[in-house]
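Asker: First the structure, then my questions, so here it is.
Quick note: the coordinates plus some simple rules give every number you see, no bench work behind them. Just so it is clear, the structure is predicted and the values come from calculations on it, not from any experiment. Using ideal geometry, Cβ is built from the backbone for each residue, glycine included, and neighbour counts are taken over all protein chains shown.
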């Protein structure tokens, strides 16, 4: 079986995987980083979004072996110890989550947007979320959270 | 998904050799279609040859009225390239509406056109703009490249290396998305070029095609009103739970008029 | 009021683990030695199983065990039970067996035939493909219409004509008489489209057997673990409850689909003792589409009789409801007691008759989905009222006002069994109209017309019966369970509190809401309160979360348990302060003696209860841990008005929600932030039903919408932000005065959206569009008009 090495949340990790092992399976099953979720099998729901080399990607639609040498960030790597990231804070402050299942993917996707656009409009946020499905919140508070989170990041509150 | 042998490639030649050596090897670009297909066990390749490590296939060059996009350039790079936006804004806009942000971060132009999904956006972009597909063996005009549903002029093991777009005088792409998949139910790219008007349609039929009657109507009068009352012929158009052939035929007319209007 | 008490928008206690990726959902559980299960499922809607050959699969790498329907049947175990018996005109419903693994026939695509257990999920999947099932395909009846047609394929031999029951409520002759006097009769034909619930977390289960203790543990994605334990233990696997633990950990949304007892969790539990290793199963989304119980799927004809002034005289409703291939856990009550009893809506309609034929089809079972029966009832009532208003030339808001149950008429007995306890329908209507700027609509429509767009506005004045339910009442209607709730308040020696509740939170924020009630009542800091749910080994009992019942019933159980804690604590405080029990007052965490400056804190009383050195030990047991079961006196009746405004592009048929305003009466509100979130989510599920979502089977019974590529889930760019507000009439019969808020949006929104769509299209001569009102359908209708 191939061995794959990558940096996950700043730590060098390696593991033996099958070629067919998806990145999300490697993260969840081998590294036990279970914050990244799988909500569909057609690469649409976005519960599995992580960052690979700084941009958001669906970890259900990447092979683990494709990430050889890559820097991968999962939801577990977003907070600074016990200090939440401003985007995480924004989701809590604005009730941007209910069951929490889509939330890690939402936050990882939102961080990619906020990195490109420090003051996204409501329309820009809604369009950006094309690849993230939530069944609980009706998106209202997710959109509010992301706009607030992006503003907080731009204001330098730890972002 | 069934297991397979994963192979990286250091160059186009290396990839070509590895795909030729495999019993039933396939190439992987961004993997945005291949991996979902493998996950559903709809294909069982012996080898997957990953083009991701070939840096020479990535990048955008704009010079002398031509935009050249490397085959492994992701949609996001095209969408956010200020050079592309300056030279062919319709191309940047088209790339910016493919899939979703995460698909655009991984999906590539080479992968998209080699797959030739009948509802994909890039085929309309290439045909509408009169692009040229460059492979490791030859150059193929876009008009000759897309040959049928999920079929192209590529020979077995032939690898797309780049796509060359001539800048049009004006162009716009209008897409009416499938509400579920967000692929095009109908997408129309209209371009006014030195060589004439081109109207390319994706999503409506089994393969991207040109609406020659609309092109002719626009040659004399490049304005939305030139297309008034015009629709595509519903014969041979796709029909599914989301749209009838008649609806698609109608939408071709609507999207074409809106694209002409957007050309300004 | 403490800052984190009742009425405060307290940030949720549960959020930290979710936003940091530390939620613990069923698929996150990894047990030592765990194996993985994959189910072999029918590709046919209807077929005879000629043979199942597992030999080749059993020889594949990593395979631990393969079990078939024959293996299960050989042990004489039970089928999946139905929890509600409806009695129709001709006697009790037909209740066919529902084997958890099919034996000789499969009845829907996805019906499970065998289970393959292997060392890895990939190996299990590889082997499952190698299980050779010889099917003899049979004709299928995949829709209500097909199943009721002469010569239709029969789903069950014991249900001739595919009829499960033919039920009615009301006196038809009486209603016919009311119609004879009518000035005008409005008639509508409605399809309530079939939906797939699609909680984002797919169903999953982990089962294990401990040979030393002979205990089974099942982790499962459930809204009601005690109910699963009872049904699976007593009826299916015949395991005693004291050796069966069911845990529903963090659950990623339910919306009803995780109420029911499913085959997979029973089969895993059964198999876990055979393989003597834990077994995990997680549905792929494609599997969810063909196994999670679907929702809705009604075909209805309704008629409303009115007098000259538009006063409602009578309502006749004839509904055919799809049950799917088998009766899911609560399926029979959904189109009857949760539907027809709501057909009075907010109105004084004096005579109502409703007939319901429940039909078996070769499709996935249909059961409760967010709102369950009440969205279907609201859709009938509010579509016909709006249509009647347009036909009569009366403003739809005015027609509603003329027929509302007045706010001084409560309690109000409807002609369809329910007694509404409270409400202020004028109030929510007025608030919603103001929020929607109803009076400014004409100007907005004119402006839209100038841009070539069609604009419409629609109302939906809904009512629901929630807080399910008074046990004796539902028992008399065929429920095979009680529907009380249980809560245990455990005050620890240092004054912190753990609350064990029989409800289950899978997004609703109970860990916060219940903690606010406790903080308010006991005067403790909210951080000193922990709420525990979802584990039969920790919680005395519970009926779970559905039907907007958690706060109205579970919160009431909490309130009663807190009463008991307070009563006992006062006795202890009286002893400590050497005062009469009757003189003790309790507020803000302090016990005081009336008219004196004596006081003792709640923490001191708690410590005394556990360190009873100075204690009335002969009269009072030590400890401070109280349990209450609460059985409600009545349903609760949340109600309100939602107003939707749409703009349609006639060239493409695309609908845009221009605005959506909701005014709801949920009784008292504990956490406004959470309540608003529930309304937002419900609205989008309702908008999804109206505009986007529709489950399509072809005539062969193949699911044409089996993934997100074809089943349209609402996304962020499909909807706007909403205006939501509440008006309050407290529930008079439960201690918190609460009514429930979880389903309102999904109940109200479809009619509001569809009324707006019809209004927009009315100028173009279109009179009927079915849900989902997709661009293709709208364009088709505009083209045909």
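Asker: Starting from the eigenvalues of the Cα gyration tensor, five times each then square-rooted, give me the equivalent ellipsoid semi-axes of the stretch B:58-166, largest first, whole Å. Spell out each step's value before the answer.
Answerer: Numbers: eigenvalues 77, 49, 30 Å².
Semi-axis lengths for the stretch B:58-166 are 20, 16, 12 Å.
Asker: In the stretch C:484-630, if every C-alpha pair distance is counted and binned at 10 Å from zero, what percent goes to each bin?
Answerer: 13, 42, 30, 13, 2
Asker: Something else now. Counting just the Cα atoms, what span does the stretch C:581-684 cover along each of its three principal axes? Round to the nearest Å and put the largest first.
Answerer: Computed over the stretch C:581-684, the largest-to-smallest principal extents equal 83, 31, 25 Å.
Asker: Which FRET efficiency value, to the nearest 0.05, is calculated for residue B:210 and residue A:117 with the Förster distance at 30 angstrom and r the Cβ-Cβ distance? Mind showing how you got there, number by number?
Answerer: On the way: r = 36 Å, r/R0 = 1.21.
Using R0 = 30 Å, I get an efficiency of 0.25.
Asker: Using a 10 Å cut-off around each Cβ, can you sort B:182, C:370 from fewest to most neighbouring Cβ atoms?
Answerer: Least to most surrounded, the residues fall as B:182, C:370.
Asker: Between residue C:22 and residue B:239, what is the label-point separation in nm under the 7 Å Cα-to-beta-carbon projection?
Answerer: With each label placed 7 Å out from Cα toward Cβ, I get 5.8 nm.
Asker: Provide the percentage of antiparallel DSSP beta bridges, counting only those with both residues in the protein assembly as shown; round to the nearest 5.
Answerer: Just about 80 percent of them are antiparallel.
Asker: If you stretched the chain out fully between residue C:48 and residue C:157, how much longer would it get, using 0.36 nm times the residue separation minus the C-alpha to C-alpha distance?
Answerer: 37.9 nm
Asker: Nearest 0.05, what FRET efficiency do residue C:273 and residue B:156 give at R0 = 35 Å with Cβ-Cβ as r?
Answerer: Details: r = 53 Å, r/R0 = 1.51.
After rounding, the FRET efficiency stands at 0.10.
Asker: Now a separate question. On the first, second and third principal axes, largest extent first, how far apart are the outermost C-alpha atoms of the stretch B:170-263 in Å?
Answerer: The Cα atoms of the stretch B:170-263 stretch 38, 23, 21 Å along their principal axes.
Asker: Measuring from label point to label point, each 7 Å out along Cα→Cβ, what is the residue B:143 to residue C:176 span in nm?
Answerer: 7.3
Asker: While we're looking at this one, here's another question. Where does helix A:140-154 land angle-wise versus the long Cα axis of chain A, in degrees 0 to 90, nearest 10?
Answerer: 80
Asker: While we're looking at this one, here's another question. Taking the Cβ of each residue in C:558, C:67, B:27 as the centre, tally the other Cβ atoms inside 10 Å and list the residues starting with the fewest.
Answerer: C:67, B:27, C:558
Asker: Can I ask one more? For the stretch C:356-418, list log₁₀ I(q)/I(0) at each q in 0.15, 0.16, 0.23, 0.26 Å⁻¹, using the Debye formula over Cα point scatterers of equal strength and ignoring solvent, two decimals each.
Answerer: For the stretch C:356-418, the Cα-only Debye profile gives -0.72, -0.79, -1.10, -1.17.
Asker: If you count, for every residue in A:28-37, the Cβ atoms of partner chains within 10 Å of its Cβ, what is the mean? Intermediate values should be presented prior to the final figure.
Answerer: On the way: counts 3, 3, 0, 0, 2, 2, 9, 8, 1, 9.
Average per residue, whole number: 4.
Asker: Nearest 500 deg cm²/dmol is fine: what mean residue ellipticity at 222 nm does the protein assembly as shown get from its DSSP H runs of n ≥ 4 alone, each adding -39,500 (n - 2.57), divided by its residue count?
Answerer: Value at 222 nm, helices only: -8000 deg cm²/dmol.
Asker: Can I ask one more? Using alpha carbons only, how many angstrom separate the centre of the stretch C:196-262 from the centre of the stretch C:16-61?
Answerer: The stretch C:196-262 and the stretch C:16-61 have Cα centres spaced 15 Å from each other.
Asker: Using Cα-only point scatterers and the Debye equation, what is log10 of I(q)/I(0) for the stretch C:295-419 at each q in 0.11 Å⁻¹, rounded to two decimals?
Answerer: -0.40
Asker: Here's a follow-up. Measuring from label point to label point, each 7 Å out along Cα→Cβ, what is the residue B:83 to residue C:620 span in nm?
Answerer: A separation of 8.3 nm, rounded to one decimal place.
Asker: Follow-up question, since we're still on this one. May I ask you to work out the translational diffusion coefficient for the stretch A:3-77 at 25 °C, viscosity 0.890 mPa s, via Stokes-Einstein with Rh from the Kirkwood sum over Cα pairs, reported in whole µm²/s?
Answerer: The estimated diffusion coefficient comes to 207 µm²/s.
Asker: Find how many whole Å separate the alpha carbon centroid of the stretch B:143-187 from the alpha carbon centroid of the stretch C:81-155.
Answerer: Distance between centres, Cα-based: 43 Å.
Asker: Return the average number of partner chain Cβ atoms within 10 angstrom of each residue Cβ along peptide C:702-712.
Answerer: Whole-number average of other-chain Cβ neighbours for C:702-712 is 5.
Asker: Would you mind calculating the relative contact order of chain B from Cα pairs under 8 angstrom and at least 6 residues apart, reporting the percent as a whole number?
Answerer: Rounded, it is 15 percent for chain B.
Asker: Follow-up question, since we're still on this one. Take every DSSP beta bridge with both residues inside the stretch C:484-630 and express the antiparallel ones as a percent of the total, to the nearest 5.
Answerer: Bridges in the stretch C:484-630 that DSSP calls antiparallel: roughly 80 percent.
Asker: Hey, with R₀ at 56 Å, roughly what FRET efficiency would residue C:451 and residue A:55 work out to, going by the Cβ-Cβ distance, to 0.05?
Answerer: For R0 = 56 Å, the calculated efficiency reads 0.90.
Asker: Further, regarding this structure: Please rank C:297, C:718, A:71, fewest neighbouring Cβ atoms within 10 Å first, as an exposure proxy.
Answerer: Details: C:297 25, C:718 20, A:71 15.
Exposure proxy ranking, most exposed first: A:71, C:718, C:297.
Asker: Mind checking the angle between helix B:12-21 and chain B's longest principal axis? C-alpha axes, 0 to 90 degrees, to the nearest 10.
Answerer: 70
Asker: P(r) for the stretch C:422-485, please, calculated from all Cα pair distances in 10 Å bins and given in %.
Answerer: 17, 26, 19, 17, 13, 8
Asker: Working only with C-alpha atoms, what are the Rg and Dmax values of chain A, expressed in angstrom?
Answerer: 15.3, 47
Asker: Largest first and to the nearest Å, give the Cα extent of chain C along each principal axis.
Answerer: 85, 72, 51
Asker: Something else about it: For the stretch C:171-323, what class follows from the C-alpha gyration tensor (a ≥ b ≥ c being the square roots of its eigenvalues): rounded when a/c is under 1.5, otherwise prolate if a/b is larger than b/c, else oblate? Walk me through the numbers before you get to the answer.
Answerer: On the way: a/c = 4.22, a/b = 2.88, b/c = 1.47.
Verdict is prolate for the stretch C:171-323.
Asker: If you take every DSSP beta bridge whose two residues both sit in the stretch B:1-150, what share of them, in percent to the nearest 5, is antiparallel?
Answerer: 50
Asker: How many Å³ per residue does the convex hull of the Cα positions in chain B occupy?
Answerer: 117
Asker: With no solvent and one equal point scatterer per Cα, compute the Debye intensity ratio I(q)/I(0) for the protein assembly as shown at 0.04, 0.06, 0.07, 0.08 Å⁻¹ and report its log10, rounded to two decimals.
Answerer: -0.22, -0.51, -0.70, -0.93
Asker: Just need the relative contact order of the stretch B:5-47 here, percent rounded to a whole number, with Cα pairs under 8 Å and 6+ apart. Don't skip to the end; give the middle numbers.
Answerer: On the way: 30 pairs, mean separation 18.9, N = 43.
Computed over the stretch B:5-47, the figure is 44 percent.
Asker: Going by Cα centres, the stretch C:759-785 and the stretch C:661-683 are how many Å apart?
Answerer: One Cα centre to the other: 32 Å.
Asker: Next question. How high is the relative contact order of chain C, in percent, counting Cα pairs under 8 Å that sit 6 or more residues apart?
Answerer: Once divided by the residue count of chain C, the mean separation gives 16 percent.
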